[in-house]
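Step one of this worksheet: look at the structure below.
Taken together, the values in this text are just the output of simple stated rules run on the coordinates, not laboratory data. Because the structure is predicted, anything quoted here is derived from the model rather than measured. With ideal geometry, Cβ positions are generated from the backbone for all residues, glycine too; neighbour counts draw on all protein chains shown.
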Amino acid sequence: MTALIIDDEIQIRRLLRLALESRNYTVREAESGRLGLQEAAFHRPEVVLLDLGLPDMDGLEVLKNLREWSDVPVLILSVRDQENVKVAALENGADDYVTKPFSTAELVARLAVIQRRRHGNDAPEIVTGTLRICLDSHEVFLAGEMLRMTPTEYAFLCALARHAGKIVTQRQLLREVWGQQGDGQTHYLRVYANHLRKKLGGKLIIQNEPGIGYRLLDPVG
Amino acid sequence: MNDDHRPDPDALLAQVQREEIEEKRGRLYIILGMCPGVGKTYAMLLLARQRQNDGLKVLVGVVETHGRKETAVLLENLTILPRQQIAHGDHTLEEFDLDTAIQRRPDLLLVDELAHTNAPGSRHLKRYQDVLELLDAGIDVVTTLNVQHIESQVDIVRQVTGVAVQETVPDSLLDRAHEIQLVDLSVEKLMGRLTEGKVYLGERAQAAAEGFFREGNLTALRELALRFTAERVDRDLEDIRKARRISSPWKTNARLMVGVGPTPYSESLIRWTRRASGRHGCPWLAVWVEGTQPVSAQEQDLLARGLGLARRLGAEVVHAMGDDVAATLLEVARDRNVSQIVVGKADRRSRWQATLADRVIAGSGDIDVCVVRPVIGRPSNLPEQKRRKFAAPGQVREYGIALGIVVVLTGVCWQLEPVVGYTVPALVYLLAILLTAFQISRLPMIFMAGLSALAWNFFFITPKFTFEVGSLQDMILLVIFFAVALSMGQLTTRLRVREIAERRRQLETDALLRVTQSAALSPETGKGLAEALKIINSVIASDTALVVRELDRTLPAQAHEASTWQPLAHELGVANWAYANKQIAGRFTDTLPQADATWFPLQTATSVMGVLGLRLSGNTAALDFNRRQAVEAFSLQLALVLEKEHFIHAVSQAEVLEKSERLRRNLLDSVSHELKTPLAVIRASIEGMGESAANPYVVEIDTATKRLQRLVDGLLQMTRLESQVVEPQLEWCDVNELLEGAVKAAGDAMGSHPVKIDIASDIPLIQTDQALLLQALANILHNSAVYSPVQSAIELTARHAGQRLRLTVRDYGPGLPPGEESRVFGKFYRAAGAPAGGTGLGLSIARGFVQALGGDIAGWNDPDGGAVFEILLKAEFLAQDDDGACFPTEIAQAAQV
């Protein structure tokens, strides 16, 4: 597996290389946005770690440019911790966001999650932990038992489960479940997140990231 | 005024502003009674208990039970604020503790006996001032009051009961009351209660019954209380009606008009018209017809007063020109679609001359005319000037000129007469009258016409040197001569007066234009304004001072440098009044007339830009209508120029702000980058060490790194707050999620404390910035966890009432240092004996975030030990019904995708 690190700080690059290589990644580095885009085009990495504060161009621009021709999973790695920056990155195609200083273990776990999603995309069912959603029959099973769901709850759970472990922004969720009418109606999310939490009974966690979105987590994995 | 039925924008604006202010201020509930003992305190406590059951945080600020048992029972289960001890001489006095009450921020505070006079040494003299401060702090207050303590009722109470009440409450406070509730009791029952000893205990009961509590007194007081409440209800009803009717302020198409002249009768006519317009619910005009007659200073004063009154009472003041008052009035009336004209009834009717009323009626056509008997008003303040029978000094000269011309012409014609005949002198006289009439006023001109006629008759018409006229032909000639001379003279004089008026207007218009040009087009505003003021000075004959408001909308203590005189402090006081009340004030007005200058607010459609102070030179007795109008026009122009300046300034200011904001953001970003990158490297390196991370040295590095990271985060957040880059992103948020998130975000420190979360089960979603609020709450939790002993509980409570969310964190630690309860929110504040590792920023940031959300935060010590922190947030709660389950079909479709 090839990972591309786009970051201008040599120390960060060296550390990430150490951490990733010990987990069987082949690491390529780029110290600026332009070089990063070149690397991504030539070497087709399987995952990209992107810093937002780059010397030659804004990381967000790199991301937009990259997304024009590639759907490689991108993990943003930045010192900027304001919600609006995170949301902007996620809505421009980033798969997840980790703020510096970061925990290496968490970083690697996030990398694994965003790469996993790339595989099981066309499967007829979504499986996360003990949760199984049959997409053709619209049935949901939790630890083997079928859960009764309203259509809204089902759509909401699907939207989360499809990106299990990864953050889904509020706007994405609202668009996916409620369509155009959902814009700005963040209270729908709160209500349904609560409904689902009750139904999932702690076997899966629906975690709220204030101002950003939701994440479906498997407490075991 | 407007013909259409749009709501009055000012009224709407005023209402909106009132609502906005009321939104922020606390509400005042007054429980009114006729006298002590009717059960006001009892009623107040009942209300308090009810509210407490509704979930509100009720605090008893001060309640006097007077040893009444029933009342004392009601106090149970209510939180009572301890009284403040005030040392006074040898003994200590107990008084209501205002500061603590504000700090505790209850939803409802009970303050008994509004009219109470505070113990010496308290902040305010009177308790109602305490209440005002509480209301301004946004706290709802319920209080009790006896009717005899209301300022406006004091005289009546003294008349009725013979008791002079000392402790009074101004009526304006009662106007601020959100609700006045009357506690009524029949006099018999009250007397019964008194004898049962429920009102006063022991001997005092007897004394009271004989003194104040006589049946007659009580009945009168009861009536007062009932009537006061009824009036108040009436006013509320009126307000409601007004609010409903606001879309059409005028009931009818009627429009009244009143003529205002320089007479003492005008004021009563104006008042009459105002009342009538109120009854009809229609607009009205006050019209002044300026004739050709010069107006004396005294008349000026009367006129200015009348027009000022009309303006104050809401009339549209119209200024018309014309010799014939009646005709001009009718002209204006037709022009403005007036339905009714109000004129005064003359007290003496002249046999020959039709009165104004007669003439108006004669020409009124389809307009109603209302002839009102006026009541003579206040005479002018100015010394009475006798209506002059004889000419004024200026006119004596004119008579002299007239006489001189006639004498000289007679002399010349006498020489010529043998050659040219006796008719030519007549024409010469006529020519002279025509030419002279341009220079002299009316009466000298009539005198001249008469004198010429006599001279012609005496010297030239046979028989000469007599006033007899020989032939009929000469008789006719003489009569025609006199008539022609008179009417020609009249016409010319009138022409001349008109010309003077025209010239004056021309001058004013011209000056106005010059003022506008010099002020608006000058590249330097200061110079332009100075030029403009000079022009005003030359036109009005005055010195002017200009005071321009500051950016924070207050007036500076100094006039603008362009001013031609510097007002002193007391003059600026007048200026401030004019500015604040948007009304003309100072000399020649009813407000602060002792001032040297007259102050005009510089008012545009949206705001007051400052004030213009006019100090008339010479000993002018009044500011006449024309000058006043001119100054008002100048003021408007200056205001517009200043407003334009202000806008230009504001725009450039905004640009600068935007630039500096961008700079600040960039700086923040790069500082975060520079500080956080090495931290990230250290943390990742420690993690990467694997087994050697258990090395005690490495553990120390790890601890220090985490501490450093907290400090950096705190500093960056603080900087962001202080540079006002924090903009709340409002979204609906779930209080459960919020609290759980906060506990998690508070970090490892929470691990050693059992956390009890208590959330009201029915708490709806709230609109706020969840991330900010969560961070604030997490900071408080972290603080509590660090400061309280390991394994002591931390309680987190969420309650809501009205539009307020109340989040409370309570710990069982040592509490806040006494007297420093509010200082703990200061930047870098560290309590004495604080455990190492803190930054002194947590609470400060928490407060910053909460304030950015429009809320407030407070901390105090619980009486049972431990600290209590409370976040109080005014926010919108979600109505429960809209949960988004309303698009089943689309959801089904979405589910298919």
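Over the protein assembly as shown, DSSP H runs of length four or greater, each weighted -39,500 (n - 2.57), average out per residue to a 222 nm ellipticity of -16000 deg cm²/dmol.
With respect to chain B, whose longest principal axis is taken over its alpha-carbon atoms, helix B:127-136 is tilted by about 80°.
Comparing Cα centroids, segment B:143-170 and segment A:6-78 end up 81 angstrom apart. For segment B:38-192, the relative contact order comes to 21 percent (Cα pairs under 8 Å, sequence separation of at least 6).
Annotation note: trypsin sites (Lys or Arg not before Pro) in segment A:160-221 located in DSSP loop regions with a Cβ neighbour count of at most 16 within 10 Å are A:203. Of the chymotrypsin sites (Phe, Trp or Tyr not before Pro) in segment B:770-839, the ones in a loop by DSSP (not H, G, I, E or B) with at most 11 other beta carbons within 10 Å are B:828. Counting only other chain Cβ atoms within 10 Å of each residue's Cβ, the peptide B:673-683 averages 6.
The mean number of Cβ atoms from other chains found within 10 Å of a Cβ in peptide A:133-140 is 1, as a whole number. For peptide A:175-188, the mean count of partner chain Cβ atoms within 10 Å of a residue's Cβ comes to 5. How would you classify segment B:704-770 from its alpha-carbon gyration tensor, with a ≥ b ≥ c the square roots of the eigenvalues: rounded for a/c under 1.5, else prolate if a/b is greater than b/c, otherwise oblate? It is oblate, given that a/c is not under 1.5 and a/b is not larger than b/c. Of the chymotrypsin sites (Phe, Trp or Tyr not before Pro) in segment B:423-473, the ones in a loop by DSSP (not H, G, I, E or B) with at most 11 other beta carbons within 10 Å are B:465, B:467. Within segment A:132-172, name every residue whose backbone N is under 13 Å away from a label modeled 7 Å from Cα of residue A:220 along the Cβ vector. From segment A:132-172, the list is A:132, A:142-145.
Specify the angular offset, from 0 to 90 degrees and rounded to the nearest 10, of the alpha carbon long axis of helix B:472-521 from the longest principal axis of the alpha carbons in chain B. With both axes taken from Cα atoms, the answer is about 30 degrees. Here segment B:728-877 yields Rg over Rh of 0.94, to two decimals, using C-alpha coordinates and the Kirkwood radius.
The mean sequence separation of alpha-carbon pairs under 8 Å and at least six residues apart, normalised by the residue count of chain A, gives a relative contact order of 14 percent.
Only beta bridges with both residues in the protein assembly as shown are counted; by DSSP, about 50 percent of them are antiparallel. All C-alpha to C-alpha distances of segment B:393-498, sorted into 10 Å bins beginning at zero, yield P(r) values of 16, 48, 29, 7, 0 percent in whole numbers. Ordering B:788, B:824, B:858 by Cα displacement along the dipole of segment B:728-877 toward the positive end leaves B:824 in first place; charges were set at the Cβ atoms of Lys, Arg (+1) and Asp, Glu (-1). Candidates B:482, B:46, B:145 compared by Cα position along the dipole of chain B: farthest toward the positive end lies B:482, with charges placed on Cβ.
Ordering B:418, A:85, A:36 by the projection of their Cα atoms onto the charge dipole of the protein assembly as shown, which places +1 on the Cβ of Lys and Arg and -1 on the Cβ of Asp and Glu, puts B:418 at the extreme positive end. Taking a ≥ b ≥ c as the square roots of the eigenvalues of the Cα gyration tensor, segment B:536-598 is oblate, since a/c reaches 1.5 or more and a/b is not larger than b/c. Taking the DSSP beta bridges with both ends in chain B, the antiparallel portion is around 50 percent. For the protein assembly as shown, the dipole from Cβ point charges (+1 on Lys and Arg, -1 on Asp and Glu) about the Cα centre works out to 3100 debye, to the nearest 20. Summarised as an ellipsoid, the protein assembly as shown has semi-axes of 82, 44, 28 Å, derived from the eigenvalues of the Cα gyration tensor scaled by 5 and square-rooted, with the largest first. If you line up the long axis of helix B:393-420 against the longest principal axis of chain B, both from Cα atoms, how many degrees apart are they, to the nearest 10? The answer is roughly 30 degrees.
Taking only the C-alpha atoms, wrap a convex hull around segment B:48-143 and report its volume per residue in Å³ as a whole number. Hull volume normalised by residue count: 97 Å³. Dividing the mean sequence gap of close Cα pairs (under 8 Å, 6+ apart) by how many residues chain B holds gives a relative contact order of 6 percent. Taking the centroid of alpha carbons for each part, segment B:776-824 and segment B:710-747 are 16 Å apart.
Each listed q (0.10 Å⁻¹) maps to a log10 I(q)/I(0) for chain B, found by the Debye formula over equal Cα scatterers with no solvent: -1.32. Here segment B:728-877 is assigned +1 on the Cβ of each Lys and Arg and -1 on the Cβ of each Asp and Glu. Its dipole about the Cα centre then comes out at about 400 debye.
Decide, for segment B:526-639, between rounded, prolate and oblate: order the square roots of the alpha carbon gyration tensor eigenvalues as a ≥ b ≥ c, take rounded if a/c falls under 1.5, and otherwise choose prolate if a/b is larger than b/c, else oblate. Judged from the Cα gyration tensor, segment B:526-639 comes out rounded (a/c under 1.5). In sequence order, segment A:161-171 has phi-based couplings of 5, 4, 10, 3, x, 10, 6, 10, 6, 4, 5 Hz under the Karplus curve 6.51 cos²θ - 1.76 cosθ + 1.60, θ = phi - 60°, and Gly or Pro positions carry x.
This model, with +1 at the C-beta of Lys and Arg and -1 at the C-beta of Asp and Glu, gives segment A:125-217 a dipole about its Cα centre of some 280 debye.
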